[in-house]
1. Need the full-extension length gain, VAL50 to GLU380, defined as separation in residues times 0.36 nm minus the C-alpha distance. One decimal, nm.
2. Please give the peptides 98-109, 162-173 ranked by average Cβ packing (other Cβ atoms within 10 Å per residue), highest first, as a rough proxy for protection.
3. Between LEU79 and HIS63, what is 0.36 nm times their sequence separation minus the Cα-Cα distance? Round to one decimal in nm.
4. Quick check on segment 57-137: what are the equivalent-ellipsoid semi-axes from the Cα gyration tensor, as sqrt(5λ), descending, whole Å?
5. If you take the beta carbon distance between ALA23 and ASN160 as r and set R0 to 35 Å, what does 1/(1 + (r/R0)^6) give as a FRET efficiency, to the nearest 0.05?
6. So between ALA105 and ALA138, what do we pick up on full extension, going 0.36 nm a residue minus the alpha carbon distance?
7. Check which residues have an amide H placed less than 5 Å from VAL92's amide H, if you skip close sequence neighbours.
8. Which peptide among 30-36, 331-337, 317-323, 179-185 comes first, and what is the full order, when sorted by highest mean count of other Cβ atoms within 10 Å?
Amino acid sequence: MTHTGGDGPRARGAWRREAAVTATAFALCLLGGVVRVDDTLAPPPAAAYVVAVVSCALLPIRHRAPLAALAATTAVGVLVPTLGLLLTPLIVAPAVITAYAYALAARSERRAASAVLLTSAVLVVCIPLFGDFSWKDASRMGVVAVFPLAAGVLGHSVRNRRAYLAAVEERARRAEESRDSEARRRVAEERVRIARELHDLVAHQITLANAQAMVAAHLFDARPEQARRSLGELVETTGDALDELRATVGLLRQSGDTAAPAEPAPGLSRLPALVESFRRAGLDVSVHREGTARPLPPGVDLTAYRIVQEALTNVTKHAGTGSARVGFVWNRDHVTVTVADDGGGATARTTPTASPAPDRPTASPVPDRPPGYGLIGMRERATAVGGQLSAGRRPEGGFLVSTHLPLPPARDTTRTADGTTVDGTTVDGETVDGETGGAP
């Protein structure tokens, strides 16, 4: 049979290996027939050829039916003494080979051990059953018994080795799949993070530019100086947008590219500039604070800034009002950030009484515009730093965005009776001493 395709070389290699094993077993059988019962050497008789041909013809089936091949070659070995031949490990070489093959292919160790032990016992028992028994026969029995057992042990060892290598390869494959899955997960998270940054940036800056352009268009004929000033603010807003876009896109540069100068991530320290940009766009923003402000971790600081930025952007686009309130409530373990307006949303935009003042036109979004990802992005940001965000209409009218962001334990400073200063960390109402000033 001619094999073609990708399995051709492998099939030819297996055929050559099988032919080599069969030829070796045939030569060993004939060599075993050289030794006669009276310990003399003579050319192998016809019976030796018959035993060699029959037992070697059974070898090819050991791969498909190893137990049947083992039983058949053992039966041929049992007939050796009846044909006037000396039973030696050489003449039963096919039985030894099939014992190795069965131990290699057996599904359970118990079956393999039982079959190999039975083969060895049958071959040994048939020696004293035919002819006179002497001490030479006893030593030959030991040798005949050892060879099938050694072949079985070798087959079992090779089987365990192959199973071990297969397990190692499977673990390596699973580890590679796990690394690929982790890499894909990190890439997806990075894409979401960059998309969120771009959304916050573009939505904020484009909304401001749109509002400033509408102000300029509204005042172009009546108040040219104010329109010119609004256009100047528009140029400044678009310039800031380009700078921030360039910095954000710079995150996607490869490691070999020239590094651009990076500026710190925005935080609440830039809140006054953010509020002023909305005021220039026509939105009256007021900021209220309660409690003692404390420095925020970088991630929480960026999250608070972006949430305020996105919420004010939504007020400018959708609220239909000219004012908004930003609130900060500082507690021991969290800060609450709120952004509220008195507008009516889509209803207010369609109601005649909700039209803005003539001197402060606001952006009017397209009614058929699909919903954006502002609230989703704000909620993802809050969740990423361990906070919570809620958004919805207020009973008294308008829309409210409220988020609770975690804070690190507060550090307070107390002064003892002798004038020394003790810095401590307040945890669950107790003060843990830290560094102590003054004399020890």
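Readers should treat all values here as calculations from the given coordinates under stated rules, not as data from a laboratory. Quantities reported herein were computed from a predicted structural model and do not represent experimental measurements. For neighbour counting, all protein chains shown are included, and Cβ atoms are generated from backbone atoms with ideal geometry for every residue, glycine included.
1. Details: separation 330, 0.36 × 330 = 118.80 nm, distance 8.29 nm.
Additional length available on full extension: 110.5 nm.
2. Values: 98-109: 20.2, 162-173: 10.1.
My ranking of the peptides, most packed first, is 98-109, 162-173.
3. The LEU79-HIS63 span can extend by a further 3.4 nm.
4. On the way: eigenvalues 121, 38, 15 Å².
Equivalent ellipsoid of segment 57-137: 25, 14, 9 Å, largest first.
5. Details: r = 29 Å, r/R0 = 0.83.
Step by step, r from the Cβ atoms, then E = 0.75.
6. Gain in length upon complete extension: 8.7 nm.
7. Sorted by chain and number, the residues that satisfy this come to none at all.
8. Working: 30-36: 18.3, 331-337: 16.7, 317-323: 21.3, 179-185: 10.0.
Answer by packing, highest mean first, reads 317-323, 30-36, 331-337, 179-185.
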